[in-house]
Amino acid sequence: MSSLAQSGSLEQIKLQSNNYSPTNYRLYVFIIIPQLTFDSRLDGLFGSQSQSTSENNIRSLDLKESRFILLASPMAPPRKRALPAPLPDGFTLIDTEKKQWKLGRIIGQGGFGLIYLASQDMEMPVGEDSHFVIKVEYHENGPLFSELKFYQRAAKPENMQRWMRSKTLDFLGIPAYWGSGLAEHNGTRYRFMVMDRLGSDLQKVCERNGGKLKKHTVLQLGRVLLDVLEYIHDNEYVHADIKAANLMLGHTDPDKVYLADYGLSYRYSPDGVHKEYKKNPKKGHNGTIEYTSIDAHNGVAPSRRGDLEVLGFCLLHWLCGALPWDSVLKNPIQVQEAKTRLIGNLPGSVQELSVGGACTDELASFLLSVKALEYEERPDYQRLRELLSEAGPRVSGGQGRLDLSVPRGAMSGGSSTRGSDWPDRGKKAGRGRGSSKLKPVVVVDEESDEEDEKMELDEARPKPVPPKGVKVLAINGIH
């Protein structure tokens with residue numbers, strides 16, 4: 001794809017720049033100086049004369065009257081991280097506690113790894129009824145390492161049980177962790193983690209239902225997810241990637257719902273010290289673009305209020321079957337602007353999205369409460385649960401049926417009255433899995449043992465050449 005150039009005044013260039021996603025294009029701005037073009041003084045203005053003379057000459061230009069060129073240079077596609085080569089059926093893994101695990105067939109794959117059925121029975125082949133699975137990735141990959149850190153720090157079984165007793169809960173939707181370790185096969189090193197086997201993900205249910213869930217089901221899911229978020233938030237972590245594809249039904253009890261995949265979880269408050277609010281344009285728009293929080297659009301580190309805002313966008317999507325920004329998902333800036341308008345005009349902006357008789361008042365109140373939170377503030381989870389309460393039963397410990405049938409007015413099989421707005425799985429920008437232009441690289445601080453994610457840009461892309469007769473005035477500095 002070739003670079004795209006447009007000319008105009010400074011204000012026109014600013015408006016034109018909004019049409020280009022910063023995750024897909026690198027933007028350059030050039031100023032045209034007609035009276036100096038092809039003149040020997042041009043080099044003196046920008047180069048050979050003293051710094052003070054150059055600055056004075058630039059300041060003397062009337063920028064409002066000058067003409068500019070916006071050059072949008074497409075970013076090179078990222079180098080794809082390959083899935084690990086499959087390990088042989090029956091291969092034995094030994095975890096850090098010296099427990100042995102036998103691999104069965106592959107039953108799925110994630111963004112970076114493979115998922116196998118597994119068993120502790122070394123004498124028999126792994127059966128189809130196995131209750132365990134093992135995630136396997138190349139040793140150098142980051143997401144599984146991050147997920148292991150989350151479980152080791154925040155999700156120890158005894159801590160989860162103690163917290164559940166304190167909240168009088170008999171179920172908490174976090175998949176059980178059974179062990180982990182390293183392995184080698186044919187000279188290649190792998191990292192693995194043993195988990196409970198889960199059932200289908202909610203994304204498949206949504207697609208089958210034409211993008212929608214029944215209202216009481218949406219509110220049920222919201223309440224059970226608030227339990228999970230309150231627990232992980234109390235343990236210094238945020239999930240940062242809540243979405244239907246990461247919600248799993250129980251393998252033997254489909255009325256239980258689990259929030260899975262902590263590979264992109266973030267330690268927002270290490271040792272009780274909250275990360276400071278700081279915008280970082282280089283990390284802007286990170287996450288699964290449909291649900292990315294407004295903070296994340298601004299490059300701010302994930303937080304509790306960010307998790308809750310993402311949850312609110314998910315609930316709204318599941319209830320309505322579409323979101324107001326579905327048509328501009330390829331442009332993160334326009335998505336951010338649409339979300340900002342929605343949040344800024346609450347509660348009316350959400351109430352007017354009511355479709356097919358499904359009222360959105362509860363979700364409007366939920367998002368309004370989240371909007372009022374400060375970045376470092378601890379949410380009132382019980383109050384949020386009350387805002388999502390209605391006559392429907394609570395999903396907990398198998399009590400109350402989770403009704404995943406097709407809502408009235410929706411068409412099954414992936415189509416509905418607004419089915420074209422339902423996004424395909426994997427539409428993401430930035431930090432989310434499957435990102436089109438940035439990929440997460442986990443960096444471990446040897447002193448603090450804390451993971452920080454840095455977005456690795458492809459620096460090998462060719463630099464654009466300015467059009468003849470113009471000089472560079474600013475790069476990526478047009479907003």
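Any read-out appearing in this document is the output of simple, stated calculations on the displayed coordinates, not a laboratory observation. Since this is a predicted model, take the numbers as computed values, not measurements. Reconstructed Cβ throughout: ideal geometry from the backbone, glycine too, with neighbour counts over all protein chains shown.
Applying a threshold of 25 Å to the alpha-carbon distances of K167/K339; K149/K283; K135/K278; K98/K204; K156/K214; K99/K135 flags K167/K339; K135/K278; K98/K204; K156/K214 as lying beyond it. All C-alpha to C-alpha distances of region 215-259, sorted into 5 Å bins beginning at zero, yield P(r) values of 5, 19, 28, 27, 15, 5, 0 percent in whole numbers. Distance from the alpha carbon centroid of region 338-365 to that of region 149-165 works out to 35 angstrom.
Centre-to-centre, using Cα atoms only, region 250-270 and region 120-134 are separated by 23 Å. Proximity of backbone amide H atoms, modeled 1.01 Å from N, is registered between L83 and no other residue at under 5 Å, excluding neighbours fewer than 5 places apart on the same chain.
Summing Cβ point charges (Lys, Arg +1; Asp, Glu -1) relative to the Cα centre of region 275-346 gives a dipole of roughly 320 debye. Derived scalar couplings between HN and Hα for region 327-334 equal 7, 10, 4, 7, 10, x, 5, 5 Hz in order, rounded to whole Hz, by the Karplus curve 6.51 cos²θ - 1.76 cosθ + 1.60 (θ = phi - 60°), x for Gly and Pro. Would region 138-207 count as rounded, prolate or oblate if I go by the C-alpha gyration tensor, calling it rounded below 1.5 in a/c and otherwise prolate when a/b exceeds b/c, oblate otherwise? Since a/c reaches 1.5 but b/c is at least a/b, the shape of region 138-207 is classed as oblate.
Quick one: grab the alpha carbon gyration tensor of region 92-196, order the square roots of its eigenvalues as a ≥ b ≥ c, and give me rounded if a/c is under 1.5, else prolate or oblate depending on whether a/b is larger than b/c.
Taking the square roots of the gyration eigenvalues as a ≥ b ≥ c, region 92-196 is prolate.
Here the Karplus curve 6.51 cos²θ - 1.76 cosθ + 1.60, taken at θ = phi - 60°, turns the phi angles of region 271-277 into couplings of 6, x, 9, 5, 4, 7, 6 Hz, with x standing for Gly and Pro.
Once you have all Cα-Cα distances for region 199-421, histogram them in 10 Å bins from zero and send the whole-percent values. Taking every Cα pair in region 199-421, the percentages come to 8, 35, 39, 16, 2.
Here the simple spin-label model places points 7 Å from the Cα toward Cβ, and for S200 and K279 these points are separated by 4.3 nm. Using the average count of surrounding beta-carbon atoms within 10 Å as a protection proxy, the listed peptides 172-183, 134-145, 372-383 rank, highest first, as 134-145, 172-183, 372-383.
Each residue in E386, E207, E158 was given a count of other beta-carbon atoms within 10 angstrom of its own, and listing them fewest first yields E158, E386, E207. Shown in residue order for region 375-390 are the 3J(HN,Hα) couplings computed by the Karplus curve 6.51 cos²θ - 1.76 cosθ + 1.60 at θ = phi - 60°: 4, 9, 6, 7, x, 8, 5, 5, 4, 5, 4, 5, 5, 9, 7, 6 Hz (x for Gly and Pro). Averaging the Cα positions of each part gives two centres, and for region 184-226 and region 275-291 these lie 24 Å apart.
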